[in-house]
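The values are calculated or read from the model by the stated rules, or taken from the named source; none is laboratory data. Since we're looking at a predicted model, the values are computed, not measured. Here Cβ is always computed from backbone atoms with ideal geometry, including for glycine, and neighbour counts include all displayed protein chains.
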Amino acid sequence: MSDFVLPRREALKASAGLVSVAAVGLPAAEPWKAQTLDDHQLRTVEALGELIIPATDTPGAKAAGVHRYVDLFLADGPDGERARFLDGLGWLDGYTNNKYKKTFLNLGADDQIKVLQLLDSDNEAGVAEGHRFFRMVKSMVSRIYYNTEIGYKELNKGGRVPASYGCKP
């Protein structure tokens, strides 16, 4: 019986980060790996998320791991949604390659913001597809963010409005 109690206690300590998992002979957790997005796409989604919900005096989309949840949603979601999203990522890089000779991810922050403002306004001929994609991304990022622990805490601050909010009651 004592052989059972000690490993269980050590396992609990390991799960709490108090001892190394290797020290109790438990298998190491596999590092997280994207299921749908390649590395470039994943980093682009991470950048988009952080531009949509940036870290200010509160954690942003990157800290909440929104890009990982987007990948999971795309892997488990409808094929049509996944195809639309991947086509949109391709459209975005194609657009910025034509306009700036760089992928969206390789643009400076000011140019990334300009592109997103343009897509949000849909005021330029030929960007309707990008506008639809950006609306899709904004919706996904915000829905996912506010369903993470970080986002949930942001929604439930007991009435405190962070200084970073543009509109105050």
* Structure fact -> Checked against (1) in a loop (DSSP other than H, G, I, E, B); (2) modelled with pLDDT of 95 or more, A47 satisfies every condition except (1)
* **Among the candidates P78, P27, P54, residue that is closer than 29 Å to N156 by Cβ and either modelled with pLDDT of 95 or more or not polar (S, T, N, Q) (or both)** => P54
* When you go through T103, T58, T96 one by one, which is the residue that is within 26 Å of T148 (Cβ to Cβ), assigned by TED's automatic domain parsing to the domain that holds Y145 and in contact (Cβ under 8 Å) with a residue 12 or more places away in the chain? -> T58
* To do: For segment 58-111, name all the residues that are β-branched (V, I, T) and within 21 Å of H131 (Cα to Cα).
  => V66, V70, T96, T103
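Residues in segment 54-71: is at least one of a type in the set (G, A, S), at negative phi and over 10 Å from the mean Cα position of the chain (by Cα)?
Of all residues in segment 54-71, those of a type in the set (G, A, S) come to 55, 60-61, 63-65.
Next, only the ones that are at negative phi stay: 55, 60-61, 63-64.
With the extra rule that they be over 10 Å from the mean Cα position of the chain (by Cα), the set shrinks to 55.
Yes: segment 54-71 contains one or more residues that are of a type in the set (G, A, S), at negative phi and over 10 Å from the mean Cα position of the chain (by Cα).
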